[in-house]
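The next block holds one structure in the form of structure tokens; read it before the comments.
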Amino acid sequence: MIVITTRVVPRLHASLEFKDAFFIFILEGGNYMAYNHHIVEKKWQDYWLKNKTFKTTHDKHKPKFYGLSMFPYPSGAGLHVGHPESYTAVDIMTRMRRMQGFNVLHPMGWDAFGLPAEQYAIQTGNDPRDFTYKNIATFKHQIQELGLSYDWDKELNTTDQNYFKTTQYIFIKLFEKGLAEIREIDVNWCEELGTVLANEEVLNVDGKMVSERGSYPVVKRPMKQWVLKITEYAEKLLSDLDGLDWSEGLKDMQRNWIGKSEGARITFKIENSQSSFDVFTTRPDTLFGVTYLVLSPEHPLVSEITTNEQVAAVEEYIATSKAKTELERTELNKVKTGVFTGSYGIHSITNKKIPIWIGDYVLNNYGTGAVMAVPAHDERDYEFANKYNLEIVQVVDSDISNNAFTGDGLHINSDFMNGLTNVDAKSKMIEYLEAHGLGERKINYKLRDWLFSRQRYWGEPFPVIHWEDGTMTVLDESELPLTLPQIIEFKPTGTGESPLAHATDWLEVTRTDGVKGRRETNTMPQWAGSCWYYIGYILNQGNGNFTQLNSKEAKELLDTWLPVDLYIGGAEHAVLHLLYARFWHKVLYDCGLVSTKEPFQRLFNQGMILGENNEKMSKSRGNVVNPDDIVLSHGADSLRLYEMFMGPLDAAKPWSTTGLDGSRRFLDRVWRLFVTEENTKSDKITSENDDKLTKVYHQTIKKVTEDYDKLFFNTAISQMMIFINEAYKADTIPLDYVEGFIKLLNPIAPHLTEEIWEVLGHHNTITYEGWPTYDESKLIDENVEIVIQINGKLRDRIQVALDSDESTVKDLAMKSENVQKHMEGKQIRKFIFVPNKLVNIVVG
């Protein structure tokens, strides 16, 4: 026998063969626990797997519950303690719903395409499949040790050709609906990584763009890229947020990302030129206050209108702008800069000459790539005008001596709009612009179309062929999946194409009419597989077989299970993943393939688990906690219980080894209360009921059930601790109360409760036992406390029978020694009685 404390196990696990040892855990106070989590947890994990305990059920007479955790990217680092937090939260809900009689779908899979596996292949020469599958095996083993109730027949892997066959099919649908096209656009090109990077993947270090991964140089480069027209769904993505059970904070993040603005498009001509350009503004009422115009450095008119005298300054400014990320040019750009082009625009109404500048805070792919500047009534324009000594014209009555005025007011210096407020002036100006062909009412969105190309090998191939006659076709559904060829060279080609360009046998094709073609060498981004994986679980029939998305069988399955009832994951996915998935879902809805407008009805973001020093966990800080160590030392149930008890699910919480020990001690107390050292049912458990635990038992059922539904797991656990404390005080515990409590605890501590359930004499899993119900009448107090006041001051408290009448309460109150003391020598003027609450005796 090996005796070790719970605190030293993580440091010893590398050298001890725990599976062959029997452990006694030394706990505070000298107590010990005979519950061996190594044996019990392995026993029940094997049982669940062998018996497929959590296989998805399809009883048409039952309601459904689809619980989903955001699936992980299987990195080489394996799980960290943040993963079990969201996984356990969903697991609690699915376990409760099974007991409540629901059909439950609770799956897990792997978001397995991605750059780390490709970098591994480049550095080692090994196939990225080797890296990916090895990591998946590690993740799966770790997850299974947590006791999560997944239906493993639904397991999917985005790199599985049977899975990405449907990813390619959905792309074809996007293409057929005109939502996928190739454009030549400036992209963030990283030569070392051999791919285009999203803005979020680029950093600015010492004025130069570098990749977030590896800090490799990044440059702006025009390339032909696949783009998905998510902007065509902007209004639907915005308006349909209202009906979702998401936090307002999360909805606002999506609303701000979509960025709807209502205003006007206004056309400005260029002096001594046939050219013109449009601007979008939310303040058309301030048009008479425009004193300069600004184009983005990438605007196609810049080279045309720049005068010879300004060419050098403009070209230098453009080069500097290309070294900045879009974020640095906009949100992070506190000091606005620009350069005069030497040319002038013509005011749409007054025909006055207006200087045209370029400024990097204007983006070519947002709005029209041009803005009109009204320095008197825009802070950014005000600072810019003062910096470069540009004219400021006031058009809203206010004080602009120190700052721009951006509020409402009466218009001045505005011809036909003088005397109007902002709202009326906007309408008046738009009417004028439309009547004179100078502009129109316009709605603009900050949301931009989705850059969908990656110059990588390890991604879904596009089902597209480019023919030498200039045409382009997508594959027929019968030709799917288009799989990745086996290649040897994974390094970038240096031409902007992915390593797929090396695979000539795969790359080159010939039509029946002899016309030659080349397959698309770009691959899809990692987002593609995660856009519809919640549907993939439903269609997965096991053994790699997926029901065809456009089949009658698929429609029936999707109508049954969608939308997802509960989706939990990190706030880092609050915008991009969720927005992209919603977009694809809405396209599938318009194609008639799904019947719900939204994929995720209820969404919740769990908070981050910090290190014990209250800092974010990282290897460099040395504060990373490996869940494997905790499962080994304290058991999976202790880890699950602790992470749910740390605090509100959505709060950031520091890790505490002391708190973890406390969770283990609570499970220890539960075990010792119900199970003897001989692993038999405790003698305290009886078929008799003296009602001493009745009230707290029913209170516990009510609170735990309601708190689970609200995801208030920490307060549910607190209530279960109250019950256990009361049960220890009792001489006996009714068997049905024990069984009911074990059911309540099961979603959080499934291994321990399965074992106790068996000790209590049951031969089947607890998984599908009925959820406990409470009796409202048992929650009512038989006695109540009455507060006794004299002239409004508290003098005593007494216990009386519920609903006692006034005479009974008065009689008891007058017998109180403290009341008699304070009434001595005084007369009762009034006796105020509030049933079941208080008595106030007014004396004088």
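The values are calculated or read from the model by the stated rules, or taken from the named source; none is laboratory data. These figures come from a predicted structure and were not determined experimentally. Methodologically, a virtual Cβ is constructed for each residue, glycine included, from the backbone with ideal geometry; neighbour enumeration extends over all protein chains shown. Just the protein is used for accessible areas: all its heavy atoms, side chains included, with ligands, DNA and RNA removed. Shrake-Rupley method; radii C 1.70, N 1.55, O 1.52, S 1.80 Å.
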In the range 597-650, what residues are open to solvent by 20 Å² or more (accessible area, probe 1.4 Å), under 17 Å from ARG664 (Cβ atoms) and among the aromatic types (Phe, Trp, Tyr)? PHE645
When the range 652-680 is checked residue by residue, the ones that are outside any helix (DSSP H, G or I), closer than 22 Å to ILE722 by Cβ and out of contact with any strand residue (DSSP E or B) (no Cβ under 9 Å at 6 or more places or on another chain) are SER656
Residues of the range 781-809 being open to solvent by 80 Å² or more (accessible area, probe 1.4 Å) and within 17 Å of VAL843 (Cβ to Cβ), in sequence order, are ASN791, LYS793, LEU794
For the range 70-77, does any single residue satisfy the condition of being out of contact with any His (no Cβ under 6 Å at 6 or more places or on another chain), assigned to a helix (DSSP H, G or I) and either open to solvent by 10 Å² or more (accessible area, probe 1.4 Å) or polar (S, T, N, Q) (or both)? no
Quick one: which strands (runs of 3 or more DSSP E) lie wholly within the range 384-478 and hold at least 1 residues that are open to solvent by 10 Å² or more (accessible area, probe 1.4 Å) and among the hydroxyl-bearing types (Ser, Thr, Tyr)? 439-445, 472-474
Based on this model, can you work out whether THR231 counts as more than 27 Å from LEU484 (Cβ to Cβ) and of a type in the set (Ser, Thr, Tyr)? yes
Looking at (1) within 29 Å of THR676 (Cα to Cα); (2) modelled with pLDDT of 95 or more; (3) in a helix (DSSP H, G or I), can you tell me which one LYS19 breaks? (2)
Given ASP736, ASP731, which one is more than 21 Å from ALA749 (Cβ to Cβ) and free of Cβ contacts under 8 Å to residues at least 60 places away in the same chain? ASP731
If I go through the range 657-680 residue by residue, how many of them are at pLDDT 95 or above, out of contact with any Ser or Thr (no Cβ under 7 Å at 6 or more places or on another chain) and either among the hydrophobic types (A, V, I, L, M, F, W, C) or more than 21 Å from ASP637 (Cα to Cα) (or both)? 3
With respect to PRO750, is the statement that it is out of contact with any strand residue (DSSP E or B) (no Cβ under 8 Å at 6 or more places or on another chain), modelled with pLDDT of 95 or more and either open to solvent by 60 Å² or more (accessible area, probe 1.4 Å) or within 23 Å of MET720 (Cβ to Cβ) (or both) true? yes
State which residue pairs qualify: first residue without any contact (Cβ under 8 Å) to a residue 24 or more places away in the chain and inside the range 384-406, second residue open to solvent by less than 80 Å² (accessible area, probe 1.4 Å) and in a strand (DSSP E or B) in any location, beta carbons under 9 Å apart, and separation of 6 or more residues or different chains. ASP397/HIS411
Among the candidates TYR163, TYR150, single out the residue that is in contact with a Leu (Cβ under 6 Å, 6 or more places away or on another chain) and either open to solvent by less than 30 Å² (accessible area, probe 1.4 Å) or in contact (Cβ under 8 Å) with a residue 40 or more places away in the chain (or both). TYR163
Any hit, the range 748-768, residues being in contact with a Gly (Cβ under 9 Å, 6 or more places away or on another chain) and polar (S, T, N, Q): no
Just to verify a result, which residue in the range 706-724, among those that are among the aliphatic types (A, V, I, L, M) and open to solvent by 20 Å² or more (accessible area, probe 1.4 Å), is farthest from the chain's Cα centre (by Cα)? ILE722
What pairs come out if I take residues in the range 279-307 that are more than 13 Å from TYR366 (Cβ to Cβ) and in contact (Cβ under 8 Å) with a residue 12 or more places away in the chain and pair them with residues that are assigned to a helix (DSSP H, G or I) and of a type in the set (D, E, K, R) whose C-beta lies under 6 Å away, six or more apart or interchain? PRO284/LYS426; ASP285/LYS426
The correct count of residues that are open to solvent by less than 40 Å² (accessible area, probe 1.4 Å), out of contact with any Pro (no Cβ under 6 Å at 6 or more places or on another chain) and part of a loop (DSSP other than H, G, I, E, B) in the range 515-568 is 14
Return the residues of the range 380-414 that are under 24 Å from PHE277 (Cα atoms) and not aromatic (Phe, Trp, Tyr); say none if nothing qualifies. ARG380, ASP381, ALA385, LEU390, GLU391, ILE392, VAL393, VAL395, SER414
Filter the range 113-145 down to the residues that are within 29 Å of LEU639 (Cα to Cα), surrounded by 15 or more Cβ atoms within 10 Å (Cβ to Cβ) and free of Cβ contacts under 8 Å to residues at least 40 places away in the same chain and list them by number. TYR133, LYS140
Please count how many residues of the range 206-250 are over 30 Å from CYS591 (Cα atoms), of a type in the set (Gly, Ala, Ser) and open to solvent by less than 10 Å² (accessible area, probe 1.4 Å). 1
Of all residues in the range 777-801, count the ones that are closer than 20 Å to ASP690 by Cα and either without any contact (Cβ under 8 Å) to a residue 60 or more places away in the chain or in contact with an Asp or Glu (Cβ under 7 Å, 6 or more places away or on another chain) (or both). 5
Taking only the range 501-556 into account, find how many residues are β-branched (Val, Ile, Thr) and under 22 Å from TYR567 (Cα atoms). 2
Residue that is nearest to GLY289 (Cα to Cα) [pool: residues in the range 350-364 that are β-branched (Val, Ile, Thr) and crowded, with 18+ Cβ neighbours inside 10 Å]: ILE354
Got at least one residue in the range 298-313 being among the charged types (D, E, K, R) and in a loop (DSSP other than H, G, I, E, B)? yes
Out of (1) over 30 Å from GLY740 (Cα atoms); (2) of a type in the set (D, E, K, R); (3) surrounded by fewer than 11 Cβ atoms within 10 Å (Cβ to Cβ), the odd one out for LYS826 is which? (3)
With respect to GLU181, determine if the residue is acidic (Asp, Glu), open to solvent by 20 Å² or more (accessible area, probe 1.4 Å) and out of contact with any helix residue (DSSP H, G or I) (no Cβ under 6 Å at 6 or more places or on another chain). yes
Being open to solvent by 70 Å² or more (accessible area, probe 1.4 Å) and within 29 Å of the chain's Cα centre (by Cα) narrows LYS729, LYS703 down to just LYS703
Test each condition in (1) touching a residue at least 60 places away in the same chain (Cβ under 8 Å); (2) in a loop (DSSP other than H, G, I, E, B); (3) in contact with a helix residue (DSSP H, G or I) (Cβ under 8 Å, 6 or more places away or on another chain); (4) aliphatic (A, V, I, L, M) for LEU327 and report the one that comes out false. (2)
